[in-house]
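A quick write-up on the structure given underneath.
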There are 2 protein chains.
Amino acid sequence: MAVKKNLTIYDIAKEAGVSPATVSRVLTGNARVSKLKKERIEAIIKKYDFKPNALARGLSETKSNVIGMIVADIRNPFYATVFLECEKEASRYGYTLMVCNTLGDPDLENIYLEKMYEQRVDAIINVGGRVDDLVSNTDFVDHVNRIANVIPVIITGKLDGSDCYRVNIDQMQAMEVVMDYIISLGHKDIALIGGRDNVQSTVDKRSRYKQLLKRYGINVRNEYIVEGKRYDDDSGYECMQKLFALEQLPTAIIAINDFTAAGAMRALTERGISVPEEISIVSFDNTFIAEVTSPKLTSVSYNYEKFGEKIVHAALSAIRGEDVPRIQLIQSELVIRGSCAKLNKVD
Amino acid sequence: MAVKKNLTIYDIAKEAGVSPATVSRVLTGNARVSKLKKERIEAIIKKYDFKPNALARGLSETKSNVIGMIVADIRNPFYATVFLECEKEASRYGYTLMVCNTLGDPDLENIYLEKMYEQRVDAIINVGGRVDDLVSNTDFVDHVNRIANVIPVIITGKLDGSDCYRVNIDQMQAMEVVMDYIISLGHKDIALIGGRDNVQSTVDKRSRYKQLLKRYGINVRNEYIVEGKRYDDDSGYECMQKLFALEQLPTAIIAINDFTAAGAMRALTERGISVPEEISIVSFDNTFIAEVTSPKLTSVSYNYEKFGEKIVHAALSAIRGEDVPRIQLIQSELVIRGSCAKLNKVD
DNA sequence: AATATCTTTGAAACCGATTTCTTGGGAAAG
DNA sequence: CTTTCCCAAGAAATCGGTTTCAAAGATATT
């Protein structure tokens, strides 16, 4: 009835009058056991609510059924959503997730990598952090590779020279979705705010932004590309101050993520500029922040479900030793809410 | 130099010309080893970047150095913050966290509880979910107790009749902080929106709200207490519609959490009612949602750092078999931002 | 120099599962 | 009725650590 302390297959075996090996066979289903004994053993397992010790099993099978996940900051809804989707998928295959937050500390990233290895996780998923950095740190790459050599490592960034599997958001396509939409609304004066120069995803977005403007025959104005210090709302607010200092305000703003957009909206509200009537805003990530602003934000969704699926499937296939594509891309789509409007001014 | 596959203490021992026992002694530091051998062994460990197999160690020590955490939804910034603070504290003591999301599914809660036990985590932290429910489900309590009997379980809710350790937010005090503030600004017509009837924390807040109104000699108006279906922004929006239907709008609104407040603000913005000039809003949780609205939200902060500390310390003490208080309370303080103003209307 | 005490270290048991190897019994084949 | 084959199930090895126990060596005591 009650879980007793330290019940083992030996106890079960004794009570069933069989050997521990037979109990193990019932547990794993890896070998045939006579119906009679099988039922007797199962009844006893149920009676005591016996659960085999995963440590012992892991030691014996040299496999823990745990996947490690290293994220920059789980409070960031982007990471939280990716994590959740990974968990959903992983649990379908009997895996549990172990999580560590690096909080942007490169040393912690190394330490947690070691820790995951020590825990003998079956795979490591690394989302955000240094794997996103453009400046490829050779030491870090070496360190990751030493581990990727033993345990499959899946990253969502780039990390040149690493032996990791990559599942990446197709930033080019994501930006295209945004630009097509905003331009279809008649906008030509479009700013791109937020993001740092040394982050791969930001650099990709910027380059596609310029490329698409050209394709549409619109002049690229460098003062409309505003760098942000971080990826939070205050950075968005600061970016807007820079735009306010210009002679001509853009009619549409693309924010690097929802946080940045929210900060931008706050700056606009303070100035009495209304969204979307006077200025339109789109952003990336489609986190719940996009639901929480007034008006709600139109934002690019990365299809998190598929993102999580691909990440976990890459991990599982790699664990099984199957061939896994080194790079996979995720396509995005726009979720239209209330922050964009048709341009009706005529200049 | 490189992590080699499946290096064990036996390999280290062989290369150092000692027995595995001696290597183990160096690793654990639990026994004296001569300086000469110690240094030789340490050099070899470093050379190969050897990390002992945590599964084997765990099996041997019957202790995994892993703490399991069950939350309702890690995307909710409240849970994410609690988790992060727990992780910070736990990692100081060499513990790693394993996380599962129940997404409000009671069956999953049971399954994950079992899974954690199977993984032989050293303690389980359960935040949100059924441990917060007022309707005490005897089956669930039994199930939790069966596990709490073997592994310490720490919950942030109530769960009558359970053998768990409780670390709770002092909802009474939290509400008092809010009410004192809002009343000091001159408000008398104060609504309390959001939250469900069967959630402990909500019920506590409501009862304190009424109590405090009486203490200040203000009439309790039942139409100012609006229940929300969920704890999200849309619920906040719906609550506001109910208030709009009343003859007299309140001058201040207390929202059950930041999400609800954000939804309420959206409803107000749509109606052209300005915050805080025409109506003030306060809320609970002080998540980053409070930073992301325009204006930023004044919100009650639960001192998450201390919250995480107390939870983890309770877990660690219980693991060590020390005496742990069955209930501990967390005190809150108000973080004042821009969503409240003095009442200057005279009726 | 002989005895007592303290350190250091290895051998072996143990943690709790899985799995290989082996054997005994029953069914099928000759 | 014997021989062959298959299947169920136990004994024992294994996974990789920690720890107890005992022995050997070094140091201190008389």
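The values are calculated or read from the model by the stated rules, or taken from the named source; none is laboratory data. Every value quoted in this text rests on a predicted model; they were computed, and no experiment measured them. Cβ sites come from the backbone with ideal geometry, for glycine too, and all protein chains shown count toward neighbours. Each accessible area value is taken on the protein alone, full model and side chains, heavy atoms only, with ligands, DNA and RNA left out. Shrake-Rupley method; radii C 1.70, N 1.55, O 1.52, S 1.80 Å.
Worth a mention:
- Scanning the range A:23-34 finds no residues that are within 16 Å of DNA strand D (Cβ to nearest atom) and in contact (Cβ under 8 Å) with a residue 60 or more places away in the chain.
- Subset of the range B:95-141 that is of a type in the set (Gly, Ala, Ser) and touching an Asp or Glu at 6+ places or on another chain (Cβ under 7 Å) - its residue that is surrounded by the most Cβ atoms within 10 Å (Cβ to Cβ): B:Gly129
- Matching residues, the range B:277-292, being away from chain A (no Cβ under 11 Å) and surrounded by 19 or more Cβ atoms within 10 Å (Cβ to Cβ): B:Ile279, B:Ser280, B:Ile281, B:Val282, B:Ser283, B:Phe284, B:Asp285, B:Asn286
- Residue in the range B:109-135 that is nearest to B:Asp160 (Cα to Cα), counting only those that are aliphatic (A, V, I, L, M) and touching a Gly at 6+ places or on another chain (Cβ under 9 Å): B:Val131
- From the options B:Thr298, B:Thr269, residue that is in contact with a Ser or Thr (Cβ under 9 Å, 6 or more places away or on another chain) and surrounded by fewer than 23 Cβ atoms within 10 Å (Cβ to Cβ): B:Thr269
- Screening B:Ser184 on (1) of a type in the set (S, T, N, Q); (2) crowded, with 23+ Cβ neighbours inside 10 Å; (3) more than 25 Å from A:Asp73 (Cα to Cα) shows it passes everything except condition (2).
- Any helices (runs of 4 or more DSSP H) falling wholly within the range A:1-50 and containing at least 3 residues that are near DNA strand C (Cβ under 8 Å from one of its atoms): A:9-16, A:20-28
- Exclusive hit being at pLDDT 95 or above and assigned to a loop (DSSP other than H, G, I, E, B), set A:Glu278, A:Glu305: A:Glu278
- Test for A:Leu113: is it within 13 Å of another protein chain (Cβ to nearest Cβ), at pLDDT 90 or above, within 18 Å of the chain's Cα centre (by Cα) and in a helix (DSSP H, G or I): yes
- Residue match in the range B:38-58 (condition: within 16 Å of DNA strand D (Cβ to nearest atom), in contact with an Asp or Glu (Cβ under 6 Å, 6 or more places away or on another chain) and of a type in the set (A, V, I, L, M)): yes
- Whether a residue is surrounded by fewer than 22 Cβ atoms within 10 Å (Cβ to Cβ) and either within 20 Å of the chain's Cα centre (by Cα) or modelled with pLDDT under 95 (or both) was assessed, and A:Ser162 passes this test.
- Single residue of A:Ala31, A:Ala56, A:Ala13 found to be touching a Pro at 6+ places or on another chain (Cβ under 7 Å) and either modelled with pLDDT under 95 or surrounded by 15 or more Cβ atoms within 10 Å (Cβ to Cβ) (or both): A:Ala13
- Test result for B:Tyr231, open to solvent by less than 10 Å² (accessible area, probe 1.4 Å) and either touching a strand residue (DSSP E or B) at 6+ places or on another chain (Cβ under 9 Å) or not assigned by TED's automatic domain parsing to the domain that holds B:Pro276 (or both): no
- For the range A:264-308, the set of residues classified as out of contact with any Lys or Arg (no Cβ under 7 Å at 6 or more places or on another chain) and charged (D, E, K, R) consists of A:Arg266, A:Glu270, A:Arg271, A:Glu277, A:Glu278, A:Asp285, A:Glu291, A:Glu305, A:Lys306, listed by residue number.
- Only a single criterion out of (1) within 21 Å of B:Gln331 (Cβ to Cβ); (2) at pLDDT 95 or above is not satisfied by B:Arg221, namely (1).
- Just so you know, in the range B:72-86 the residues that are within 21 Å of A:Lys115 (Cβ to Cβ) and open to solvent by less than 10 Å² (accessible area, probe 1.4 Å) include one that is nearest to DNA strand C (Cβ to nearest atom), and it is B:Cys86.
- Filter result for B:Val3 (open to solvent by less than 50 Å² (accessible area, probe 1.4 Å), more than 43 Å from the chain's Cα centre (by Cα) and at pLDDT below 95): no
- For A:Arg92, the criteria (1) away from DNA strand C (no atom under 16 Å from the Cβ); (2) more than 28 Å from A:Ser317 (Cβ to Cβ); (3) free of Cβ contacts under 8 Å to residues at least 12 places away in the same chain hold in every case but one, which is (2).
- A:Arg92 within 11 Å of chain B (Cβ to nearest Cβ), open to solvent by 30 Å² or more (accessible area, probe 1.4 Å) and either of a type in the set (Lys, Arg) or under 19 Å from A:Arg166 (Cβ atoms) (or both): no
- Within the range B:308-316, not a single residue is open to solvent by less than 30 Å² (accessible area, probe 1.4 Å) and part of a strand (DSSP E or B).
- Filter pass, A:Asn65 being within 7 Å of chain B (Cβ to nearest Cβ), open to solvent by 30 Å² or more (accessible area, probe 1.4 Å), within 16 Å of DNA strand D (Cβ to nearest atom) and touching a residue at least 40 places away in the same chain (Cβ under 8 Å): no
- Verdict on B:Leu249 being more than 7 Å from chain A (Cβ to nearest Cβ) and open to solvent by 30 Å² or more (accessible area, probe 1.4 Å): yes
- When B:Ala56 is tested against (1) under 30 Å from A:Thr81 (Cβ atoms); (2) in a helix (DSSP H, G or I); (3) in contact with a Leu (Cβ under 8 Å, 6 or more places away or on another chain), only condition (1) is not met.
- Scope the range A:109-161; condition closer than 27 Å to B:Leu27 by Cα and touching a residue at least 60 places away in the same chain (Cβ under 8 Å); matching residues: A:Arg120, A:Asp122, A:Ala123, A:Pro152
- Failed item, numbered, when B:Lys51 is tested on (1) buried (at least 24 other Cβ atoms within 10 Å of the Cβ); (2) touching a helix residue (DSSP H, G or I) at 6+ places or on another chain (Cβ under 6 Å); (3) not β-branched (Val, Ile, Thr): (1)
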